[in-house]
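Working notes for the structure below.
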Amino acid sequence: MRAMFRLFDTYTRKLREVQAQDGKTLRFYCCGPTVYAAAHIGNFRTFVAQDVFRRVAELSGLRTKHVRNITDVDDKTIRNSQAQGVPLAEYTAKWTQKFHDDCEELNCLPPHVEPSAVGHVAEQIEIVQRLIDSGHAYCSEDGSVYFRISSYPEYGKLAHLDAQSLDLGKTAQTRADTDEYTKDSVADFVLWKARRPEDGENYWPSPWGEGRPGWHLECSAMSHKYLGDTFDLHSGGVDLVFPHHENEIAQSRCACGGDFARHWFHVTHLLVDGAKMSKSLGNMYTLDDLARLGHQPSALRYVLAGAYYRRPLNFTLSGMKDAASALRKLSRADAALAEKAGDKTAPTYRELVKNPPGLGAFAPAWQSLLDDLNTPEALGHTFSALHALNASELSRAEAHEARLALRFIMEALGLILPPAEEGQPEAPTEVQAIAQERWQARLAKDWAHSDALRARLAELGWGMKDGRDSYQLIKL
Ligand code: AMP
Ligand code: ZN
């Protein structure tokens with residue numbers, strides 16, 4: 001029987017079971033990247049959390065259909081491509097490729113469908129037309145089209161806007177042209193933007209004249225095309241709740257009928273050293289920035305996947321070092337179990353989805369994931385389970401079972417374990433010398449000296465694993 005997976009729903013503000021409406025396939029939509037530059041680690045916090053969500057859903061026995069768009073036309077993509085004198089398509093192709101490369105480095109499963117806004121202009125025009133025909137939208141003097149929010153009394157339910165900040169009567173006909181606006185200025189939002197000189201060659205014909213779609217519209221058009229008018233779950237960073245998702249709900253329900261998304265999954269923001277990331281503070285990191293500082297994508301994956309998605313994640317460079325050290329520990333534990341079990345290969349993610357193993361001591365870790373994706377708790381349980389296990393005391397079959405269970409949790413989190421031989425960095429000369437001296441003290445049965453040297457090694461961040469004829473230095 002399938003395990004029950006519960007997740008907080010922004011709309012109802014309740015923990016609700018993640019369910020496939022058709023009983024077979026969980027159909028969900030994630031707002032994708034705006035491809036005007038390399039995505040930063042904040043964006044990847046959200047994409048990694050969505051990846052963990054998908055993995056847990058699949059490992060819990062659900063099939064999935066994951067749709068994530070590429071925003072390749074908006075104010076920012078047009079502005080940057082114009083500034084560089086490059087055609088929009090060429091400019092966004094480059095950053096789309098970069099996004100794919102970074103996702104692969106971070107071990108994110110590719111979505112099943114990845115539609116682009118430019119590839120779906122006809123579908124967006126069709127939705128605008130439906131909204132005009134049903135009285136939910138109107139065309140302005142300049143050929144732009146706006147959604148009339150006073151025509152949709154449910155507006156504001158997702159963001160839980162109170163009645164005062166949302167006096168629909170008062171806001172009627174005030175308009176917002178930019179893609180984003182604040183709660184203080186709730187306004188009719190733009191569906192279709194009339195062509196302006198600064199758009200250059202980036203415009204399309206429409207029944208209302210030349211122009212381009214507004215940002216909010218694309219997700220409604222693409223989710224409708226690939227998932228239908230009612231689907232199981234919709235996700236994005238918490239900044240998208242308002243106005244983006246609120247607008248998506250309004251235009252989708254009014255144009256297509258149906259409920260739109262049945263469950264809303266929002267990921268809280270990543271902060272850097274306690275502050276919002278911004279170019280001016282110089283604290284905005286991309287994967288390439290971290291690589292230049294000597295950090296691996298596997299460590300970033302650990303940091304991002306290991307944070308509870310409903311709490312802000314405070315990113316620090318020292319946290320990256322801790323993550324690399326934790327991964328080495330996991331890799332060593334995995335290698336010890338594999339050796340005892342005589343396992344030559346590790347099970348793949350797909351094999352684990354197909355044949356989920358018994359979880360034994362790792363069952364509490366899995367339960368934490370099923371209970372609102374509590375990933376830090378899951379990691380805590382994993383380390384406790386490993387602490388209690390001693391590979392050398394297990395039978396071959398027990399070691400095999402334990403390894404499958406450990407791998408199951410690692411794959412649920414999408415962690416990338418360094419190969420065992422790479423799990424160990426080269427020890428500095430000073431450390432090697434102390435280790436050598438300790439080995440000699442041990443052979444001479446000078447236990448006091450041996451213990452003192454072990455303590456010295458620990459201070460330097462190293463441990464020693466004693467074998468019968470030799471020892472191994474281990475980075476703590
Ligand atoms: P964008 O490319 O700006 O459309 O954003 C892509 C995704 O990243 C969206 O789901 C955003 O909500 C999310 N996002 C943006 N900034 C952050 C942040 N600092 N922390 C977490 N998610 C973010
Ligand atoms: Zn969206």
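The values are calculated or read from the model by the stated rules, or taken from the named source; none is laboratory data. These numbers come from a predicted model, not from an experiment. Here Cβ is always computed from backbone atoms with ideal geometry, including for glycine, and neighbour counts include all displayed protein chains. These accessible areas exclude ligands, DNA and RNA; they are computed on the full protein's heavy atoms, side chains included. Shrake-Rupley method; radii C 1.70, N 1.55, O 1.52, S 1.80 Å.
Laid out as a table, the results:
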quantity	calculated
Any hit, the range 185-197, residues being of a type in the set (Asp, Glu) and either open to solvent by 30 Å² or more (accessible area, probe 1.4 Å) or modelled with pLDDT of 95 or more (or both)	no
Some residue of the range 250-262 being away from ligand 1 (no atom under 16 Å from the Cβ), hydroxyl-bearing (Ser, Thr, Tyr) and farther than 25 Å from ARG6 by Cα	yes
Pairs, first of a type in the set (Lys, Arg) in the range 252-278, second surrounded by 18 or more Cβ atoms within 10 Å (Cβ to Cβ), C-beta under 6 Å, six or more apart	ARG253/PHE260; ARG262/ASP232
Answer residue from the range 424-462, given it is farther than 23 Å from LEU330 by Cβ and of a type in the set (Val, Ile, Thr) and is nearest to the chain's Cα centre (by Cα) among those	THR429
Members of the range 417-436 that are modelled with pLDDT of 90 or more and more than 30 Å from ARG403 (Cβ to Cβ)	ILE434
Of all residues in the range 404-461 being basic (Lys, Arg) and in a helix (DSSP H, G or I), the one that is nearest to PRO376 (Cα to Cα)	ARG407
Single residue of GLU351, GLU339 found to be modelled with pLDDT under 95, in the same structural domain as THR286 (by TED's automatic domain parsing) and not in a loop (DSSP other than H, G, I, E, B)	GLU339
Residue check for VAL52: open to solvent by less than 10 Å² (accessible area, probe 1.4 Å), away from ligand 1 (no atom under 15 Å from the Cβ) and not assigned by TED's automatic domain parsing to the domain that holds ARG350	no
Residue in the range 37-48 that is away from ligand 1 (no atom under 12 Å from the Cβ), of a type outside the set (Asp, Glu) and open to solvent by less than 60 Å² (accessible area, probe 1.4 Å) present	no
Yes/no for ALA117 being touching a residue at least 24 places away in the same chain (Cβ under 8 Å), over 25 Å from CYS256 (Cβ atoms) and surrounded by 15 or more Cβ atoms within 10 Å (Cβ to Cβ)	no
All positions within the range 68-95 that are within 16 Å of ligand 2 (Cβ to nearest atom) and either basic (Lys, Arg) or open to solvent by less than 30 Å² (accessible area, probe 1.4 Å) (or both)	ARG68, ASN69, ILE70, THR71, ASP72, VAL73, ASP74, LYS76, THR77
Close pairs from the range 219-243: first open to solvent by 10 Å² or more (accessible area, probe 1.4 Å), partner more than 11 Å from ligand 2 (Cβ to nearest atom) and of a type in the set (Val, Ile, Thr), Cβ under 8 Å, at least 6 apart	HIS224/ILE127; TYR226/VAL113; VAL238/VAL267; VAL238/THR268; VAL241/THR10
Residue count for the range 150-162, restricted to those that are in contact (Cβ under 8 Å) with a residue 40 or more places away in the chain and out of contact with any His (no Cβ under 9 Å at 6 or more places or on another chain)	6
Single residue of TYR285, TYR308 found to be of a type in the set (Ser, Thr, Tyr) and away from ligand 1 (no atom under 12 Å from the Cβ)	TYR308
Scope the range 244-259; condition surrounded by fewer than 24 Cβ atoms within 10 Å (Cβ to Cβ) and closer than 16 Å to ARG68 by Cα; matching residues	HIS244
Count of the range 11-35 residues which are within 13 Å of ligand 1 (Cβ to nearest atom) and over 16 Å from the mean Cα position of the chain (by Cα)	1
The one condition in (1) under 19 Å from CYS254 (Cα atoms); (2) among the acidic types (Asp, Glu); (3) at pLDDT 95 or above that GLU154 fails to fulfil	(3)
Any hit, the range 291-306, residues being in a helix (DSSP H, G or I), surrounded by 14 or more Cβ atoms within 10 Å (Cβ to Cβ) and of a type in the set (Ser, Thr, Tyr)	yes
